[in-house]
Amino acid sequence: MSNTSRGQSSDALDELLRHFQATFEQAAVGLAHVGIQGQWLRVNSRLCDIVGYPHQEMMGMTFQAITHPDDLEADLKQVQQVLAGEVSTYSMEKRYFRKSGEIIWINLTVTLVRKPDGTPDYFIAVIEDITRRRRAELERDALLAREYQARTEAEEQVRRRSAELDLTRNALIQAERLATAGQLAAGVGHEINNPLSYVLANVSFALEELAERELDETMKEVQDALQQAHKGAERIRGIVRDLRTFASSKFDSLGTVDVREALEFAVSMSEHQLRLRAQLLRDYTPVPAVVGNESRLGQVFLNLLLNATQALPEGAVSSNQVTLTIRPHQEAWVAIEVRDTGCGIPTENLPRLFEPFFTTKPIGEGTGLGLSVCHGIVTSMGGQFQVESSPGRGSTFRVLLPVAGRAVAAEPSEEGRVRRPGAPGARRVLVIDDEPEVLEALARTIGPSHTIERATSGRRALELLAQDTGYDVIFCDLMMPELTGMDLYEVIASKYPELVERIVFMTAGGFTPRAIAFVDQHAPRCIEKPFSPETVRACLR
């Protein structure tokens with residue numbers, strides 16, 4: 001080749017190289033030649049701008065050094081596939097670290113250049129900064145996720161609120177039914193106690209009279225019949241007492257409570273269901289009285305007994321057990337336990353056991369309020385509620401109550417006591433009741449050694465008092481038509497205050513708010529129908 005030809009070829013090569021360098025350097029994207037081991041062989045200004053490193057510093061680095069570690073493995077895997085000839089080019093989105101530490105997103109396209117003999121020479125990398133687009137996509141995705149979550153939460157809240165409203169409605173319906181049942185129980189108890197008073201009084205009178213006489217065989221049989229009648233009447237009295245305890249609304253007052261009596265009341269109310277499913281075992285240790293409210297504790301124990309019963313399968317009475325335990329706990333506490341051998345409670349449900357409306361029972365069978373109400377009752381009395389349970393191993397519900405101190409069991413004031421004359425002897429007695437049978441039965445119980453005046457209404461009593469106030473004891477029925485015992489008390493307190501201490505109120509159960517409050521206020525001077533002869537004579541003494 002001539003020197004002229006050689007000169008022309010050299011000029012063309014220089015021109016080509018100049019065009020290549022201009023194109024490489026002025027490209028709008030990052031361009032690089034990368035060695036097989038990942039070192040930067042040649043980079044343009046745009047790539048230096050993208051990663052924030054000067055050109056000279058870039059030449060001493062590898063692409064691995066600025067690649068996010070979470071993306072490096074996938075990138076190297078693609079490199080190996082290209083080197084193995086499986087593919088000639090690959091593209092991916094990945095993250096780089098800028099020199100400032102900022103993370104950026106790039107779109108990478110890599111192509112392998114081979115030598116004439118086919119061995120790998122270097123890579124050509126095209127790098128586009130897509131950080132703004134990627135962040136916009138991430139923000140859009142996050143916004144869509146937040147909107148989806150908000151919509152899902154709103155829908156869940158609507159469902160939950162709807163379920164809560166259903167539970168609340170069911171709870172209100174049940175509460176209304178319970179309130180109605182309570183009013184009915186109180187009313188039934190009042191109506192039963194009035195005739196039961198004179199039945200028991202007359203039977204007791206007859207038995208006392210027979211006890212003082214010589215009896216032939218016929219009269220002994222009569223005496224036996226009367227004793228059976230007396231036992232039956234006493235049983236009815238116990239049933240009515242349980243009804244009145246169930247109906248009692250004296251939930252806010254605290255006093256001294258015998259936990260054994262409260263627990264046995266709950267047993268009597270749940271005994272029918274218990275005996276169909278389990279053996280009932282008792283382990284009672286003598287304990288002092290506790291601070292509490294008998295009606296409220298009866299409600300708590302009844303709920304626990306019913307829950308224990310429902311945890312047991314039917315038809316296996318001999319293998320199922322419900323154990324009641326009363327024992328001292330530490331120095332100033334009493335522990336009451338209801339333990340069953342039932343199905344137990346799943347571990348994940350234990351933390352939510354006392355949450356209002358939480359229930360595992362089907363809709364219509366439970367409101368989820370029973371245990372939360374019981375928990376509130378116990379804690380309001382200064383007590384504690386504990387639960388131990390595991391699936392298949394039964395459950396133990398433990399109520400801890402503080403031992404009653406002297407301050408809780410306050411004695412009635414002198415003003416509130418029924419006056420008991422010190423010297424025995426004949427008394428002048430005024431008996432006020434709207435039922436003649438009660439009047440006569442009470443007169444027989446009081447006995448002929450005392451002077452007795454009868455009044456079948458409050459107005460008649462006022463007429464007698466207007467004529468003579470010299471009565472030692474006044475027995476007055478609380479609930480009477482027109483002028484009640486409460487109304488009569490107000491008149492006596494105003495006109496004849498010296499008689500106030502001599503009044504004994506006879507109550508068959510207060511079932512109006514006014515009567516309940518009145519009985520609470522004047523509890524020391526109230527006796528409950530049906531009363532025993534000993535109670536009446538104690539008032540006379």
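Bear in mind these aren't lab numbers, they're just calculated from the coordinates by the rules spelled out. The structure displayed is predicted, hence computed values, not measured ones. Cβ atoms come from the backbone with ideal geometry, glycine included; neighbour counts cover every protein chain shown.
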Starting with the fewest neighbours, write out Tyr122, Tyr198 ranked by other beta-carbon atoms found within 10 Å of each beta-carbon. Tyr122, Tyr198
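What FRET efficiency comes out for the pair Ser45/Glu147, r = Cβ-Cβ distance, R0 = 51 Å, nearest 0.05? Kindly include the intermediate steps, with their values, before the conclusion.
Working: r = 42 Å, r/R0 = 0.82.
Efficiency, from the Cβ-Cβ distance: 0.75.
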According to a simple spin-label model (label point 7 Å from Cα along Cα-to-Cβ), what is the distance in nm between Ile103 and Glu137? 1.5 nm
Report the per residue volume, in Å³, of the convex hull enclosing the C-alpha atoms of the stretch 257-407. 111 Å³
Quick one: putting +1 on the C-beta of Lys and Arg, -1 on the C-beta of Asp and Glu, what dipole do you get for the stretch 16-129 around its Cα centre, in Debye to the nearest 20? 300 debye
Non-local amide H neighbours of Tyr90 (under 5 Å, H modeled in plane, Pro and chain starts lacking H): which ones? Val110
Gap in Å between the Cα centre of the stretch 326-351 and the Cα centre of the stretch 428-506? 51 Å
Rounded if a/c is under 1.5, else prolate if a/b is larger than b/c, else oblate: which is the stretch 16-129, with a ≥ b ≥ c the root eigenvalues of its Cα gyration tensor? oblate
May I ask you to evaluate 6.51 cos²θ - 1.76 cosθ + 1.60, the Karplus curve with θ = phi - 60°, for each residue of the stretch 517-524 and list the ³J(HN,Hα) values in order in whole Hz, giving x for glycine and proline? 5, 5, 5, 4, 6, 10, 3, x
Taking the highest mean first, how do the peptides 14-23, 379-388 order by number of other beta carbon atoms within 10 angstrom per residue? 379-388, 14-23
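How much length would be gained if the chain were fully extended between Ser268 and Ala225, taking 0.36 nm per residue of separation minus their Cα-Cα distance, in nm to one decimal? The partial results should precede the final answer.
Details: separation 43, 0.36 × 43 = 15.48 nm, distance 2.65 nm.
12.8 nm is the gain from fully extending Ser268 to Ala225.
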Per residue of the stretch 266-273, in order, report the coupling 6.51 cos²θ - 1.76 cosθ + 1.60 (Karplus, θ = phi - 60°) as ³J(HN,Hα) in whole Hz, putting x for Gly and Pro. 4, 4, 5, 7, 10, 4, 4, 6
For the stretch 267-321, the Debye formula with one identical point scatterer on each Cα and no solvent gives log10 I(q)/I(0) at q = 0.14, 0.30 Å⁻¹ as -0.45, -1.20
Please report how far the C-alpha centroid of the stretch 382-405 lies from that of the stretch 262-293, rounded to the nearest whole angstrom. 14 Å
No solvent, one uniform scatterer per C-alpha: report log10 I(q)/I(0) for the stretch 414-540 via the Debye equation at q = 0.13, 0.15, 0.19, 0.22 1/Å, two decimals. -0.47, -0.63, -1.09, -1.55
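What is the mean projected area of the alpha carbon convex hull for the stretch 427-469, to one decimal in square nanometres? Display every interim value, and only then the final one.
Working: hull surface 11.1 nm².
Value for the stretch 427-469: 2.8 nm².
Calculated FRET efficiency, Ser91 and Asp258, Cβ-Cβ r, R0 60 Å, to nearest 0.05? Show your work: numbers first, answer last.
Values: r = 85 Å, r/R0 = 1.41.
Calculated transfer efficiency: 0.10.
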Using the Karplus curve 6.51 cos²θ - 1.76 cosθ + 1.60 with θ = phi - 60°, what ³J(HN,Hα) values do you get for each residue of the stretch 62-78, in whole Hz, with x for Gly and Pro? 10, 5, 4, 5, 10, 7, 4, x, 6, 9, 5, 4, 5, 5, 5, 5, 5
Counting only residues 5 or more places away or on other chains, whose amide H sits under 5 Å from the amide H of Asn320 once H atoms are built in the peptide plane? Gln279
